1. When region 39-52 is examined, which residues are found to be open to solvent by 60 Å² or more (accessible area, probe 1.4 Å) and among the hydrophobic types (A, V, I, L, M, F, W, C)?
2. Those residues that are among the hydrophobic types (A, V, I, L, M, F, W, C) and over 11 Å from the mean Cα position of the chain (by Cα), I need them from region 32-48; list them, please.
3. Any residue in region 50-63 that is of a type in the set (A, V, I, L, M) sitting within a Cβ distance under 7 Å of a residue that is assigned to a strand (DSSP E or B)? List the pairs, counting only those 6 or more apart or interchain.
4. For region 7-36, which positions are at pLDDT 80 or above and open to solvent by less than 100 Å² (accessible area, probe 1.4 Å)?
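The values are calculated or read from the model by the stated rules, or taken from the named source; none is laboratory data. Worth saying up front: this structure is predicted, and the values here are computed from it rather than measured. All Cβ positions, glycine included, derive from the backbone under ideal geometry; neighbour counts span all protein chains shown. These area figures cover heavy atoms from the full protein model, side chains too; ligands, DNA and RNA do not enter into them. Shrake-Rupley method; radii C 1.70, N 1.55, O 1.52, S 1.80 Å.
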Amino acid sequence: MRILYQLLVVLFMVLQGAAGQPFTHSPFDPCVMQNGHCFPGICHRPYYWIGTCRNGYSCCRKYVEV
């Protein structure tokens, strides 16, 4: 029973910490949705350009042979 109370206290602390965190993630990021990464400048090998990120960087995806 004592372990249950300790687990509840830990859960309460985690929820309190999560409630104080600012929301930083965008619900829709086109580059990430296409498995890309944002790089300044142009895409270099083994990456290729698939679009532009919101901050103006190039959205690049790694080239994978099938």
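1. 39, 42, 49, listed by residue number.
2. 38, 39, 42, 43
3. From region 50-63, the pairs are 50/59; 50/60; 50/61.
4. 30, 31, 32, 34, 36
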